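The values are calculated or read from the model by the stated rules, or taken from the named source; none is laboratory data. What you are looking at is a predicted structure, and each value in this text was computed from that prediction instead of being measured. Note that we place each Cβ from the backbone using ideal geometry, even for glycine, and neighbour counts take in every protein chain shown. Heavy atoms of the whole protein, side chains included, go into the accessibility calculation; ligands, DNA and RNA do not. Shrake-Rupley method; radii C 1.70, N 1.55, O 1.52, S 1.80 Å.
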Amino acid sequence: MGIETLSEHRCFGGVQGFYRHDSAEIGLPMKFGVYLPPQAAQGPVPVLFFLAGLTCNEETFAIKAGAQRYAAELGLAIVTPDTSPRDTGIEGADASWDFGHGAGFYLDATQEPWAKHFRMESWITKELHDLVLSNFSTRPDRVGICGHSMGGHGALTLALRHPGLYQSVSAIAPICAPSQCPWGEKAFAGYLGLGRAVWAEHDAVELIKSGPPLPPLLVDQGLADKFLADQLHLHLLEQACADAGQPLELHWLEGFDHGYYFIASVIERHLVNHASRLS
């Protein structure tokens, strides 16, 4: 698989790069970022996949979160995939900010016209996973996943649906029960159809009830998040973990909203957690 280098930037002794490849799973070119810490020059390092939220792309986290400083200290690589296919030619793909381009929801669509290109789960867990581990100085036995909002949904569900693929898991203000919130209902109906049994297969709360246990979860949630009550449903995640015996470290943080000022404020805790579990 060929990788096109779009740009590379010296950053805290390491390199922040942005790349593109022709994805067989997606059927279109896909972009992603990789931060390699200075330790990667001496040998493979643990790697964290960070899944961004609605409207974001492969650059958003890398530019806004301030994560490279901590990743350089911890010897942790960070991969930032784009949040959907782009330039698909699908009518209506740019019609709304919470569905279509920039809103792939980290699943493989089954409904037309989305099914051909919107194969984000297969791209991230198979193709991009193998591409990064084969072409960058990273350890295939030390892989974590984290995400924010829609990406938090992705981090939780991909880890639950692919047991053993990720050795550490965390989320920041995740969409926990997409089957029960407007964002998720819109996306699932469009990408997966109207069968709620299929929706449950991509819903973290439902998967925790029935699936194999995850590594201990770390989740941060701001109490001033305007999406908390209607879209995120952290209380359902908390209850599902308690009922299933799933270890969960959940931090409720006063005054924080849903945006990148919150992510930048808590990202050190997440990277330390991942580095510890992947060491």
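Observations on the structure shown:
- Residue in segment 251-264 that is of a type in the set (Gly, Ala, Ser) and either assigned to a helix (DSSP H, G or I) or open to solvent by 70 Å² or more (accessible area, probe 1.4 Å) (or both) present: yes
- Cross-chain or 6+ apart pairs with Cβ under 6 Å, segment 244-269 first and over 16 Å from Arg69 (Cα atoms) and without any contact (Cβ under 8 Å) to a residue 40 or more places away in the chain, then open to solvent by less than 60 Å² (accessible area, probe 1.4 Å) and in a helix (DSSP H, G or I): Ala244/Ile208; Gln246/Ile208; Leu248/Cys241; Phe256/Phe262
- Residue pairs meeting the criteria (Cβ under 9 Å; at least 6 apart or on separate chains; first open to solvent by 10 Å² or more (accessible area, probe 1.4 Å), in segment 168-181; second of a type in the set (Val, Ile, Thr)): Ser179/Val205; Gln180/Val205
- Some residue of segment 119-130 being within 25 Å of Gln16 (Cα to Cα) and either open to solvent by 70 Å² or more (accessible area, probe 1.4 Å) or basic (Lys, Arg) (or both): yes
- Given (1) within 23 Å of Leu107 (Cβ to Cβ); (2) touching a Leu at 6+ places or on another chain (Cβ under 7 Å), index of the condition Leu74 fails: (1)
- If the condition is being of a type outside the set (Phe, Trp, Tyr), assigned to a loop (DSSP other than H, G, I, E, B) and within 14 Å of the chain's Cα centre (by Cα), then segment 166-189 contributes Ala173, Pro174, Ile175, Cys176.
- Residue match in segment 9-24 (condition: surrounded by 23 or more Cβ atoms within 10 Å (Cβ to Cβ) and within 20 Å of Phe105 (Cα to Cα)): no
Here's the yes/no breakdown for (1) in contact with a Leu (Cβ under 9 Å, 6 or more places away or on another chain); (2) basic (Lys, Arg); (3) in contact (Cβ under 8 Å) with a residue 12 or more places away in the chain; (4) farther than 18 Å from Trp123 by Cβ:
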site	(1), (2), (3), (4)
Gly2	no, no, yes, no
His9	no, no, no, yes
Ile26	no, no, yes, no
Leu36	no, no, yes, yes
Val47	yes, no, yes, no
Leu51	yes, no, yes, no
Thr55	no, no, yes, yes
Tyr70	yes, no, yes, yes
Pro81	yes, no, yes, no
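- Of all residues in segment 199-216, at least one satisfies being open to solvent by 10 Å² or more (accessible area, probe 1.4 Å), touching a helix residue (DSSP H, G or I) at 6+ places or on another chain (Cβ under 9 Å) and acidic (Asp, Glu).
- The residues in segment 46-77 that are in a strand (DSSP E or B) and either open to solvent by 10 Å² or more (accessible area, probe 1.4 Å) or modelled with pLDDT under 95 (or both) can be counted, and the count is 1.
- Each residue in segment 78-118 was checked for being more than 15 Å from the chain's Cα centre (by Cα), in a strand (DSSP E or B) and of a type in the set (S, T, N, Q), and 1 pass.
Per-residue answers, yes or no, for (1) closer than 13 Å to Gln68 by Cα; (2) hydrophobic (A, V, I, L, M, F, W, C):
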position: His9; (1), (2): yes, no
position: Gly17; (1), (2): yes, no
position: Pro29; (1), (2): no, no
position: Gly33; (1), (2): yes, no
position: Leu36; (1), (2): yes, yes
position: Ala41; (1), (2): no, yes
position: Val45; (1), (2): no, yes
position: Leu51; (1), (2): no, yes
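- Residue match in segment 29-44 (condition: farther than 27 Å from His274 by Cα and of a type outside the set (A, V, I, L, M)): yes
- Scope segment 222-250; condition within 17 Å of Gly151 (Cα to Cα) and part of a loop (DSSP other than H, G, I, E, B); matching residues: Asp225, Phe227, His233
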